[in-house]
Each structure stands twice: as C-alpha cells, then as structure tokens.
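One structure is given here, and the rest of the page talks about it.
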Amino acid sequence: MSNKIESHLVEDRVFKPTKEFSSKARISSMAQYKKLWQESVDKPETFWAREAKELEWRAKWTKVLDWKAPDAKWFVGGKLNVCENCVDRHAKGSRRNKAAIIFEGEPGDRQVITYAQLHRAVCRFANVLLAKGVKSKDRVLVYMPMIPEAAIAMLACARIGAVHSVVFGGFSSESIVDRLEDSGATHVVTADGGWRRGKIVPLKDNVDEALKKYKGIKSVVVFKRTGQEISMAKGRDTWWHDEIEQVSAKHEAKAFDSEHPLFILYTSGSTGKPKGILHTSGGYLTGTYVTCKYVFDMQDDDVYWCTADVGWITGHSYIVYGPLAMGVTQVMYEGAPNQPDFGRFWQMIEEYGVSIFYTAPTAIRAFIKAGDHFPAKHDLSSLRLLGSVGEPINPEAWMWYHEKIGGGRCPIVDTWWQTETGAIMITPLPGCTPTKPGTATLPFFGVDAAILDETGQECKANEGGRLVIRKPWPSMTRAIYGDKARYKKTYWSDYKGMYTAGDGARRDKQGNFWIVGRLDDVLNVSGHRLGTAEVESALVGHPAVAEAAVVGRPDDLKGQAVVAFVTLKAGIPESPALQKELREHVGKVIGAIAKPDDLHFAPALPKTRSGKIMRRLLKELVTTGTVSGNTTTLEDFSVIANLQEKIAGAK
Ligand code: WTA
C-alpha cells in the first residue's frame, strides 16, 4: 500500500479528452460541468426532477424529495414500472429490433436478444412468477450464472413488484441460507449450473443444500444451462423451459409507487453478517439512468460492455437497470477472462465492436501480468471510452489501460461508488474532465461530496480524512433490510445529516478526490467487499479453532489479500493439512473469494490488556514485516515477536 500511496502523491500526469471526443459528448467543457454541478447541488430537486422526467411515469410525483435524515423519499407520489422503462419503452418504439443483449457463453455459444424479444421473455417469466404465487413485495432469491436469464428474472420481479435478492454464483450454500433467512424469501430462481474456467459451478446443488436448512421456499425455477444430472424436488422444483411454455407472452405491467422496494443486495460490513442493502424504484432508476447518460455518455449506436457479474451492485446498476433504461446494446459474457486464455475479452471487443468498456482494476492487473501480446493481437479501434470500478486504480494499471487498451485516445472514467450509493458518485465526465491516473476526480451532478476530519471540519488540500456525502441523492439506499438502527448507526451517525461512506480520501489542489481505501474492517479483495469479521466467524466455526484474527495485506493482483491468524484449541497439532482444511472451510462457508491467502497458526493473538485483539498490529506486521507502531497497550509483546518470526520464516 505504501508504494501505491507514494505514487499517488507524486502523480501529476494530466490527460484531457480529445477534441473529437468532446465535440460529440453531452458535456463538452469544464465550464459546462461546473455550472451544471453548482446548480445541481444548489437546487438538487430541480436537477433531479428534470432528469427523472425523461423516464416514463404513470403518475407524476407531487413532491420531489421528502427528507428527514436519514429517511429519504424521492419523487413522492410518483408511480412507475421499472421494467417497463427498461424494456417496454424500447420494444414498443424505434428500438424494437435493436439488440438489447449480445450474449456469449464461456463455451462459445452465442445469442442476440432484441428489445422486442427481451420484452416477450420478461413478460413470460413475470407470468411464471405470478403463476407460482409470487406477490408484490415478496422476496425472490436469484442465484444464476451470467446469462441473459439472470437479467430476465430480475426484470420480471421488478415488473410484478416483487423484490429480488441476487446472490453471486460464487457464494456458498451457507451464504444462501443467511440471505434467505434475512430476507425471508419465498421463491428461488436458479440454474442447474454455470460455466467457469471450463468447469461447472453446481448452482442447483448449492440451492438444494441451502434448502435443507431453510424451509420457507415454495418454488424453485431452474434454468437448464449446463445440462448435468441434478435432483428436482417434486412439488417444489420445476424447469424454466417447461414453465414458460405454459404461460402467455403478454403481461400488462402495473405501476408501483416510486418508493416501492426494488431489490435487496447483501454486502459486507465491519461487523457481523452481510447486510441487506435495500433499494427502491424511482430514485434508483433515475440515478442509474442519468449516470449512464453522462458518465458513459451512451449514444444510440454504442456497444457497451460491463464485465461485472449481476451478483454485485455493478451488475445491477450497469448491466441491468441503467443501460437498459438507456436502450443501449450491450455485450454480456458468462465466464472467466482467461478462458481459454487472456485474449478472450479483446477478441470479444473486436468481434462485437464494443465502444464502451467497463471493468475492474484487479482484472487489468491480471491482464498486465499475462502480457501485452494478448490485446496486441486484436483490433480494439471500436473502443471510444473506458471505465474502471471497484477499488482505487493504481497509476501503473491506469497507464496500461490507457495505452494498451484505449490506444491512447479513449478517456478513462474511474468511477467511485458503492452498493449503498446505487449509482456512480465521483467520476470524470468523459468529454471534459482532465484525468490523472489514480483519481476518481470530481463529484457527479447532484452529489455534494466532502472530506472531513474527526471534528467535522473540512480537510485542507491533500489532507486525508473521511469521505462523506452531505445531501441525499435519489439512488441512495433506503435501509438495511430489517435493521433500521444499524442503518442509522452505520451510515448516518458520524456527522449530523450526512452519509459516511467508510472510505478514506483526500482532495488535491484542483479538488480531485483520491480514494485511499476503507477505514473500517472491510477488505477489498479483487474489487469485492469482504468483512474481516465474516472470515473470522467462519474460521471460529471450525471445530479445531479457538480464536482467529483476519487482516488484509497489499497484493499486486487482488489489491488486498486475506491473511488469517488462527489459534487452535488445546491439544490440536498444527499441520499443513489442517491449514489447507481451514482455507477450504472458509471457502465452503462463504465462497472461494474469502479463502485466506495466508493462514498462520498463532499460539496466541496480540491483545490489549482488556482482551481486544489488536488487528492494527497484525495488519502492520503483514504489510511491513515488523511492528513499529504504538504497542504500549499490548498485553504481552512476545506474542508479536513470535508471529514476526513466523511470518519471516514463511516467506
Ligand atoms: C471501493 C462497488 C476507489 C471503495 C461499486 C468503496 C473504489 C467500495 C472505487 C464499494 C474507485 C469502489 N476508486 N475505490 N473507483 N470504486 N471502490 O459496495 O472502498 O462493492 O467503499 O461497490 O469499493 O464496494 P461495493
């Protein structure tokens, strides 16, 4: 990390969009951005209402915002159907036969779905859900591979007012159980499996395992993707292809309240189990739509590709809702970036003429490692705009992306946002913002971002502090599902009336925001949020483990790697086999992304005299190899000395 911060501090290369790009962009000068930004934070309601009007509302709102911190209602009294905005609007109009989704499966199968076809598919699946007895506000768990049916299932839920809760296909059956229990879901949509690096991810088996523990599920609809043998529970499980045969392709969408719940998506926090972030309809759709319009500057002839999975917020906002609300053509890909080799993405960009490409720094770093000859083999001249999301992008990765992928001509939008913010918050606008490698630059319209110190004062230029948003915005989360107190405490209690993001940041003299990383016990592993508490609780759940402490260390590829310190129960011997078993155990409880990269046995953990584990010291130890910070509160220094030796020995 120290190296990265160092290079951030000295970074002074500035890249401006080309005249060619600017002349065609919606926002083409800094003067235009500044004027509109000022207006948008002086009078956010005027700005957001003007943008929201571009969507299709069945009933106009009576009030733009009802704000009593931390409770926001946007477009009060307004009624709309989110799915109708993403699908029907285009299917009925001039985009009827335009490709909505160009899909490529990992094995190489392809499918093009037009807006009219998407409309019929979504209507059919909405009718299937209705036939299963799904009602407005019921929770439907979606556990799917990255295939068009994942988006179809989500849109069908939105269409009938059901609340989807998508679980990333890489999560384990135990993670499914937690999410089922917390959301009280009554229905599941899944597939037999999905393809990942040539292997089948056994999605249905995982669901079966979960449903042994959670009894509240009335139906499971299974899409046939991989075709291997799976078990189907009588009376509960049915095939997608059988179900859609039995229903009509016509469905009249009803209008729902602007604040009708749209989805719950679980994300990691610093304590306890993942929290269910709740998003609602009108405001969320407005936020995702408007950011697609200005940040990606989507035009009708663009071919857009976001490489995220629908299991994460990026997939929700920038594969499903935003781009479809814009009526753009997008590419969707099922599998891994290195299947069959690291040329897959570049080959697809060439093949489909992708013009806007949105990916994560962790992927870029993997491509750099794989070698320049992979992108060099392909014609990437269709690209006009690149995006980055998920973690701070290190200047080296930024430069490589700019030169090797963008051919030096494509602006890069480094977009900072979160599951909770619903849409992009801090970002360059591609037609005007001067970019520097490593900064997400300036706040988006309507976003009043600031960096505060502990007393609530705004930090001076280049001084590090906490990132906050001082005014509500339409796509902000409305709640942690079922836990109002936690919502208030987590996001709205540090500074009165302001949202605390949990990230540390600084602003340079030009006002650019440099995001440093999480301030809480949340790791960012390959752009995915992971709570250290979650991993610790998984480890302690193993019968051999007495105690565990988990911290992150910098990793060239993943951004952060997971390091676990484990104290075994008395009498249990340390062994490489047990080390392996514990790593696998975490994989089984949470999912493969949570498996500790390093697992050290520790006869004891460093603690304060009152018995608190000092993770700060462990973090320093795994980052620098020694501990130089304040250790006066440590109960027994020999514990640290001991671990220091161990870590040095493991290298
Ligand atoms: C980090 C992903 C720096 C940040 C959309 C945030 C970033 C967390 C960036 C949210 C960026 C995301 N630069 N850091 N461009 N984008 N982050 O909820 O720490 O999965 O708080 O949302 O990722 O992760 P989440």
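Here is how the numbers come out for the structure above:
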read-out: Of all residues making up the range 414-442, the number that are within 13 Å of the ligand (Cβ to nearest atom) and buried (at least 22 other Cβ atoms within 10 Å of the Cβ); value: 20
read-out: Residues being touching a residue at least 40 places away in the same chain (Cβ under 8 Å) and β-branched (Val, Ile, Thr) - total across the range 625-650; value: 1
read-out: Residues of the range 354-377 that turn out to be buried (at least 16 other Cβ atoms within 10 Å of the Cβ) and either free of Cβ contacts under 8 Å to residues at least 40 places away in the same chain or not in a strand (DSSP E or B) (or both), as a count; value: 13
read-out: Pairs with Cβ under 8 Å, 6+ apart, first in the range 467-492 and under 17 Å from Val163 (Cα atoms), second surrounded by fewer than 18 Cβ atoms within 10 Å (Cβ to Cβ); value: Arg478/Asp71; Ile480/Arg486
read-out: Leading residue by the ranking (most open to solvent (accessible area, probe 1.4 Å)) among those in the range 443-454 that are more than 15 Å from the ligand (Cβ to nearest atom) and part of a loop (DSSP other than H, G, I, E, B); value: Glu454
read-out: Test set (1) touching a residue at least 60 places away in the same chain (Cβ under 8 Å); (2) surrounded by fewer than 22 Cβ atoms within 10 Å (Cβ to Cβ); (3) out of contact with any helix residue (DSSP H, G or I) (no Cβ under 6 Å at 6 or more places or on another chain) - Gly235 fails condition number; value: (1)
read-out: Meets criteria (over 16 Å from Val389 (Cβ atoms), open to solvent by 10 Å² or more (accessible area, probe 1.4 Å) and out of contact with any Phe, Trp or Tyr (no Cβ under 8 Å at 6 or more places or on another chain)) for Pro340; value: yes
read-out: Matching residues, the range 380-413, being open to solvent by 10 Å² or more (accessible area, probe 1.4 Å), in contact with a strand residue (DSSP E or B) (Cβ under 8 Å, 6 or more places away or on another chain) and either among the hydrophobic types (A, V, I, L, M, F, W, C) or not in a loop (DSSP other than H, G, I, E, B) (or both); value: Val389, His402
read-out: Restricting the range 27-82 to residues that are part of a loop (DSSP other than H, G, I, E, B) and of a type in the set (S, T, N, Q), the residue that is most open to solvent (accessible area, probe 1.4 Å); value: Thr62
read-out: Considering residues of the range 558-576 that are modelled with pLDDT of 95 or more and of a type in the set (A, V, I, L, M, F, W, C) only, the residue farthest from the ligand (Cβ to nearest atom); value: Ile572
read-out: Scan of the range 560-582 for residues that are more than 21 Å from Asn642 (Cβ to Cβ) and open to solvent by 10 Å² or more (accessible area, probe 1.4 Å), ordered by number; value: Gln560, Ala577, Lys580, Glu581
read-out: Within the range 213-268, tally of residues that are at pLDDT 95 or above and within 16 Å of the ligand (Cβ to nearest atom); value: 5
read-out: Filtered residue count, the range 377-392, keeping only those that are of a type in the set (Asp, Glu), farther than 16 Å from Thr307 by Cβ and within 16 Å of the ligand (Cβ to nearest atom); value: 0
read-out: Residues (among the aromatic types (Phe, Trp, Tyr), within 16 Å of the ligand (Cβ to nearest atom) and open to solvent by 10 Å² or more (accessible area, probe 1.4 Å)) located in the range 311-337; value: Trp312
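The values are calculated or read from the model by the stated rules, or taken from the named source; none is laboratory data. Given the structure is predicted, the values throughout are model-derived calculations rather than measurements. Cβ coordinates were reconstructed from backbone atoms using ideal geometry, including for glycine residues, and neighbour counts include every protein chain displayed. Just the protein is used for accessible areas: all its heavy atoms, side chains included, with ligands, DNA and RNA removed. Shrake-Rupley method; radii C 1.70, N 1.55, O 1.52, S 1.80 Å.
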